[in-house]
Amino acid sequence: MRVLILGGDGYLGWPTAMNLSALGHNVMVVDNYLRRQIAQQTSSEPLFPNPNLIERCDAFREATGCDIKARIADCSDYRLLEEIIRDFQPEGLVHYAEQPSAPYSMQGFEEARLTLNNNLQVTFNVIWAVLEHAPNCHIVKLGTMGEYGTPNIDIEEGWLDVSHNGRNQKFLYPRQGGSLYHTTKVLDTDLLWFYVRTYGLKVTDLMQGPVYGLYTDESSKDRRLLPNFHYDDIFGTVVNRFIVQAVAGVPMTVYGGGGQTRGYLNLKDTLRCVQLALENPVPSGELRILNQFTEQFSVNELAERVVDAAKGIGINATVNSIPNPRKELESHYYNAKHQNLIEMGLKPTLMSTEVLTEMMETVRSFEQLIVPEKILPRVNWNK
Ligand code: USQ
């Protein structure tokens, strides 16, 4: 299959590109290095430096003999994106090209505007470029479980049957993002749904929880192929942050009460889910929404798991509850369905002690690069 990956330099985009290429698909990646630029501007560089996208493709070819084509281009530029889609004629398009950090989107006006403009503009451009130049292409869009928020009822996979005054209708599940970033994903879903029902696009929207991990079948072949691994408050997701904090001897930063519960998944499972979505496209005029996570934990449970795994390799990790910089419920009901991907064939890689230990050992080999100043939260929702 010809697969175009937008945002192919990111934490998920690059491993996805390698995985699909290794499986025999014809893969092209596009990226404008937005995340690298924001990381530099906010002192949020990853734990270890990553080669640029062109060098990554060269290293991947050396390690595997497989090819990935790369274009450095800004997907918010419609003329550029339509040229790429017209020339490449993708059968599947994976859209990761968004500003992915909730804290960054809450930093101030400029950061909020960049997040809103970039994320919505790229989604809008993808829709139009596909409609005009590759209308049979299946769009696989990365959404987030954070679109649903933490409602006091079970979370369904995308849709809710509503009965009102004796009549029934299926609607998009009610959504309430906890940051501007999460809200842009809600708006993306609405845009996609409008164009799906009006013009017959084919779309899968993946509601993904926080991802953790470093190793995939491909990234484990050569250290140059590892994904960008962040532990700062802007781009680092909670599990990756806790692992680095444990190794650095910094108490783990549980925000507030620590009862915040989310659905988590291993980076390897992200790749498998995207592959399953691409290889099982939806018919024209369907918006399929899949909840993409494998197990749910509270922040306190995560911290306990990291403490236990650390103990096994002689690290005495500690936990420190600090004032929550975010506006979110710290104790709440959480029961999100996630059956569809399992039924499609996903075999979860769960967060075992072994998985956490392997990550900690790798992080330990980069220990001298950890900058403790990057760890504490710098962005506060409660202005
Ligand atoms: N948290 C802590 N301590 C920390 C960092 C985070 O207690 O040091 C808490 C947060 O307050 C939150 C939970 O851990 O309750 C998850 O935080 P996170 O930073 O791992 O995740 P989030 O900001 O929601 O965003 C990440 C990705 C985003 C993706 C989202 C999936 O950056 O791109 O969409 O996970 S979800 O959380 O399901 O919306």
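Quickly estimate the mean residue ellipticity at 222 nm for the chain, helices only: each DSSP H run with n ≥ 4 gives -39500 (n - 2.57), and the total goes over all residues, rounded to 500.
-12000 deg cm²/dmol
Given the pairs 69/337; 185/337; 141/268, which are separated by over 25 angstrom at their Cα positions?
69/337
So, with a 1.4 angstrom probe, what is the percent of accessible area on region 2-374 that is carbon and sulfur?
Summing carbon and sulfur atoms, their accessible area is 49 percent of the total for region 2-374.
Keeping all protein chains in place, calculate the accessible area per residue for region 2-374 (probe 1.4 angstrom), answer in Å².
For region 2-374, the per-residue accessible area is 40 Å².
Provide the net charge surrounding residue 139, with neighbours chosen by a C-beta distance below 13 Å and charges set as Lys +1, Arg +1, Asp -1, Glu -1.
Here the count lands on -1.
Using θ = phi - 60° and the Karplus relation 6.51 cos²θ - 1.76 cosθ + 1.60, list the HN-Hα couplings for region 124-134 in order, rounded to whole Hz, with x at every Gly or Pro.
For region 124-134, the Karplus curve yields 4, 5, 4, 4, 5, 5, 5, 4, 7, 10, 8 Hz.
Under 14 Å from the Cβ of residue 74, count the other residues' Cβ atoms, weight Lys and Arg +1, Asp and Glu -1, and hand me the total.
Computed value for this residue: -2.
What are the ³J(HN,Hα) values, in whole Hz, obtained from phi via the Karplus relation 6.51 cos²θ - 1.76 cosθ + 1.60 with θ = phi - 60°, for each residue of region 353-369 in sequence order, with x given for Gly and Pro?
So the Karplus estimates, Gly and Pro as x, are 4, 4, 5, 5, 5, 4, 5, 5, 4, 5, 4, 4, 6, 10, 3, 5, 8 Hz.
Taking the Cβ of residue 60 as the center, what net charge do the other residues with Cβ under 10 Å away carry, scoring Lys and Arg +1 and Asp and Glu -1?
That works out to -2.
With the convex hull built on the Cα atoms of region 248-383, state its orientation-averaged projected area in nm².
11.0
Which log10 I(q)/I(0) values does region 1-134 give at q = 0.09 Å⁻¹ under the Debye formula, counting every alpha carbon as one identical point scatterer?
Treating every Cα as an identical point scatterer, log10 I(q)/I(0) equals -0.27.
Where does each of 360, 1, 106 land when they are ordered by accessible area, with a 1.4 Å probe and the largest first?
Largest accessible area first, the residues go 1, 106, 360.
What accessible surface, in Å², does a 1.4 Å probe find on residue 109, ignoring ligands, DNA and RNA and rounding to the nearest 10?
140
Could you pull the Rg and Dmax for the chain, using just the Cα atoms, both in Å?
Values for the chain (Cα only, Rg and Dmax): 20.0, 64 Å.
Taking only Cα atoms and a 10 Å spring cutoff, compute GNM fluctuations for the chain and point out the largest among 218, 147, 62.
62
Quote the accessible area belonging to residue 161 in square angstrom, nearest 10, computed with a 1.4 Å probe and with ligands, DNA and RNA left uncounted.
About 120 Å², ignoring ligands and nucleic acids.
Quick one: go through region 207-243 and flag any residue whose amide nitrogen is under 16 Å from the point 7 Å out along the Cα-to-Cβ line of residue 367.
Of the residues in region 207-243, 243 have backbone N under 16 Å from the label point off residue 367.
For region 335-383, max minus min Cα coordinate along each principal axis, in Å, sorted largest first?
Its Cα atoms span 43, 38, 15 Å along the three principal axes.
Among 165, 316, 240, which one moves the most in a GNM of the chain with springs linking Cα atoms closer than 10 Å?
Result for the chain, Cα springs under 10 Å: 165 fluctuates most.
The values are calculated or read from the model by the stated rules, or taken from the named source; none is laboratory data. Here the structure is a predicted model, which means the values were calculated and not measured. Neighbour counts are summed over all protein chains in view; Cβ atoms, including those assigned to glycine, are modelled from backbone coordinates with ideal geometry. For the accessible areas, the whole protein counts, side chains as well, though only heavy atoms, and no ligand, DNA or RNA atoms are used. Shrake-Rupley method; radii C 1.70, N 1.55, O 1.52, S 1.80 Å.
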